[in-house]
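The structure appears below as structure tokens.
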Amino acid sequence: MSEILLLVEAKDGALDKKSLELMQGALGLGRQLGVATCAVVAGSDTARLAESAASFGLDKVYRLEHPLLAGFQPDAWVKGLEWLCGQVNPGIFLLSHSFVGKEVGPRLACRLNTALTTDCLGLSVDPGDGLLVRTKPIYGGNAIASLKCEGVPQMATVRKNAFEPVGEAQSASAIVEMVPDIGEDAIRVKSIKMVEQEVVELDKANVVISGGRGIEAKEDFDMLEALAAAMSKSHGNVMIGCSRPVVDKCWMSSDRQVGLTGTIIAPDTYIAVGISGAIQHLVGMIRSKKIVAINTDPGCNMFKVADYGVVGDYRDIIPALVKKLEEQR
Amino acid sequence: MKEPQIIVCAKQIPDPEAPFSNVTVNVEKKQVAVDAPDVISPYDENALEAAIRIKEELGGKITILSMGRKVSDTVLRKTIAAGADALVLLEDPLFEGLDSGSTAHVLSCAIKKIGDWDLVLTGRQAGDWDSGQVGLIMGEMLDVPCVSLARSIKIDDGKLLVEKSVPVGYEMVEASLPALVTVSNEVGELRYVARSKMLGLLRRPMSIPKWNSKDLGCDIDRLKKLQLTELVPPADMGRQCTLIEGAAQDQACRLAEVLSELR
Ligand SMILES: Cc1cc2nc3c(=O)[nH]c(=O)nc-3n(C[C@H](O)[C@H](O)[C@H](O)COP(=O)(O)OP(=O)(O)OC[C@H]3O[C@@H](n4cnc5c(N)ncnc54)[C@H](O)[C@@H]3O)c2cc1C
């Protein structure tokens, strides 16, 4: 079989941690199959990124370099990666299940006339037919499916945390510069402007306090803020998160949404206030060390996965709790 | 500009928000059974809402396209009650259990058969398999500009303007029509449909074309089923929950102690 290829992504100019996890997964498969494991970085100025990617024991790092690959214009990236696959014919192509991977993966798979499996938690190779076995959650996480697909390359996007990040290797990988053939005409969707909003990174928090549809009014999030302020004196970095209905009501921006289509986090403590515990929310926070739930419904799902449960109205519990915490100091 | 012809792809699935205790995984048969009523996949409802808003502004026609087995009139007529104009069902035993690429092929064939269209909208992902592929692949197959994760869609002077959700905020993008857009929940929920309106509609006769693989002239060799090798329930997520009881004051005191121990 030919080489394994993976797409490396940058975050704030450095290697994204998700890419280090993807390298771990890809290198594992490479050893098992006895084939080379290579990475591609795409952009208009990839020298530094390629160099960082070259220190993790990969066989090669392709620098896919083109002015149109600056920023992330999906049309250009799909075209560039399609071109690269034509050059190197990878047997397996892996991407992170990230904003980039989710968009590029399906389109690229279609152009290469192969099949992609998205959001995989595990990958292995069937020794019988050599096909990639892709393990992914379905029905929001209520079932775990393993499946195989025909087609070359074998393609998958991989969920965050599916693998441990890879450690640095002793020798550096070879860096190969490639200039793809991308014409202006490849770009059919034109970016007019990027509106940057302040985004929070919930995965950096020690404690996340999330409100759900049970929160009656937008102002009531002030109570959660007060709790966060009280806890931040002793618990480190405390942030406010939410379930999806809160985003739907435009009370919070989507970077605060926890869950399948939001952020997947594992803080020391997760406090769920007025959140019922739908599977799509649970997959985002179930790995929290301790889970505390405040909910008026004793039968709600959140109590089934929580370590501590308070059956009651947050409007009674939280102000009293804040007062108590403040007294303690 | 002429009034826009919009096609919304909508999938019928068991309610994805049913509690997990209502979901059973049959390991032997490799099947998931959900004890919940069928609904339209939530992001497809968002897509329909986006379509209705365009129609309110510019007029035009909304056609709902749905592939699947035993697609229920009752479930899909909700789309008509909300503001769609026509319904087309794609039914064939060959369409069962298809992978994303094959599903996109069938839907694309149907869209080509409908012929006159300016915009195709799909949900960002289906609420059962959560793959998030069909819309994007259709964009490729139809060979039109394709935008994903829309939080707002407008047609202005014959041009498509989309606000697309991106990790740092949102991006304004522009493309020509015809085009395909996948829609995210930030667009807003599908408007409320009064029950009486639904019931009235159900009584009214309505012709709903049903097309099979022959009608569509789709490439049967192109239709590939998902090859499941294994299906298992997830690891048990349950924890032993210590319930903190009593009056609110006492609960708050105890919880404060618990939180202090957790630091
Ligand atoms: C494909 C797909 C992807 C999804 N992705 C996500 C995701 O990423 N994240 C996400 O969160 N959801 C997601 N969802 C939605 C998910 O299925 C649920 O609809 C959502 O999580 C429910 O949010 P909730 O628990 O806040 O609301 P509800 O289920 O309505 O629960 C509200 C809770 O508040 C309690 N309550 C009410 N009043 C009070 C009070 N005064 N004090 C205390 N408690 C009170 C109620 O008892 C109830 O338990 C997704 C759905 C689909 C189909």
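The values are calculated or read from the model by the stated rules, or taken from the named source; none is laboratory data. The structure displayed is predicted, hence computed values, not measured ones. In this analysis, Cβ positions are derived from the backbone assuming ideal geometry, glycine residues included, and neighbour counts consider all displayed protein chains. Protein only, heavy atoms only, side chains kept; ligands, DNA and RNA dropped before computing areas. Shrake-Rupley method; radii C 1.70, N 1.55, O 1.52, S 1.80 Å.
Odds and ends about this structure:
- Subset of the range A:282-317 that is at the interface with another protein chain (Cβ under 8 Å from one of its Cβ atoms) and in a helix (DSSP H, G or I) - its residue that is farthest from B:A256 (Cα to Cα): A:L282
- Answer from B:L201, B:L262 - the residue that is modelled with pLDDT under 95, closer than 30 Å to A:I317 by Cβ and in contact with a Lys or Arg (Cβ under 6 Å, 6 or more places away or on another chain): B:L262
- Residue ID - nearest to the ligand (Cβ to nearest atom), chosen from residues in the range B:177-214 that are within 13 Å of chain A (Cβ to nearest Cβ) and of a type outside the set (A, V, I, L, M, F, W, C): B:N185
- One residue stands out among those in the range B:204-221 that are at pLDDT below 90 and out of contact with any strand residue (DSSP E or B) (no Cβ under 8 Å at 6 or more places or on another chain): the one that is least open to solvent (accessible area, probe 1.4 Å), which is B:S207.
- Unmet requirement for B:D44, which otherwise passes all of (1) farther than 20 Å from B:L107 by Cα; (2) surrounded by 17 or more Cβ atoms within 10 Å (Cβ to Cβ): (1)
- A:L81 meets each of the listed conditions (1) touching a helix residue (DSSP H, G or I) at 6+ places or on another chain (Cβ under 6 Å); (2) surrounded by fewer than 23 Cβ atoms within 10 Å (Cβ to Cβ); (3) not acidic (D, E) apart from (2).
- Residue satisfying condition, being touching a Cys at 6+ places or on another chain (Cβ under 8 Å) and not hydrophobic (A, V, I, L, M, F, W, C), within set B:G217, B:G158: B:G217
Every residue, every condition in (1) open to solvent by 50 Å² or more (accessible area, probe 1.4 Å); (2) among the basic types (K, R); (3) more than 14 Å from chain B (Cβ to nearest Cβ), yes or no:
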| position | (1), (2), (3) |
| --- | --- |
| A:I144 | no, no, no |
| A:E164 | yes, no, yes |
| A:E168 | yes, no, yes |
| A:S171 | yes, no, yes |
| A:I182 | no, no, yes |
| A:D185 | yes, no, no |
| A:Q197 | yes, no, no |
| A:E216 | yes, no, yes |
| A:E225 | yes, no, yes |
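- Residue list for the range A:265-281, restricted to those being more than 6 Å from the ligand (Cβ to nearest atom), open to solvent by less than 30 Å² (accessible area, probe 1.4 Å) and either more than 12 Å from chain B (Cβ to nearest Cβ) or more than 18 Å from A:P137 (Cα to Cα) (or both): A:I265, A:P267, A:T269, A:Y270, A:I271, A:A272, A:V273
- Filtered by the rule that a residue be β-branched (V, I, T), under 16 Å from A:S253 (Cα atoms) and in contact (Cβ under 8 Å) with a residue 60 or more places away in the chain, the range A:199-214 gives A:V208, A:I209.
- In the range B:30-63, of all residues being part of a helix (DSSP H, G or I) and within 12 Å of chain A (Cβ to nearest Cβ), the one that is nearest to the ligand (Cβ to nearest atom) corresponds to B:P42.
- Selection status of A:G57, in contact with an Asp or Glu (Cβ under 9 Å, 6 or more places away or on another chain), farther than 27 Å from A:V189 by Cα, open to solvent by 20 Å² or more (accessible area, probe 1.4 Å) and not acidic (D, E): yes
- The set of residues in the range A:231-264 being open to solvent by less than 10 Å² (accessible area, probe 1.4 Å) and either more than 9 Å from the ligand (Cβ to nearest atom) or more than 12 Å from chain B (Cβ to nearest Cβ) (or both) consists of A:M231, A:I240, A:G241, A:C242, A:V258.
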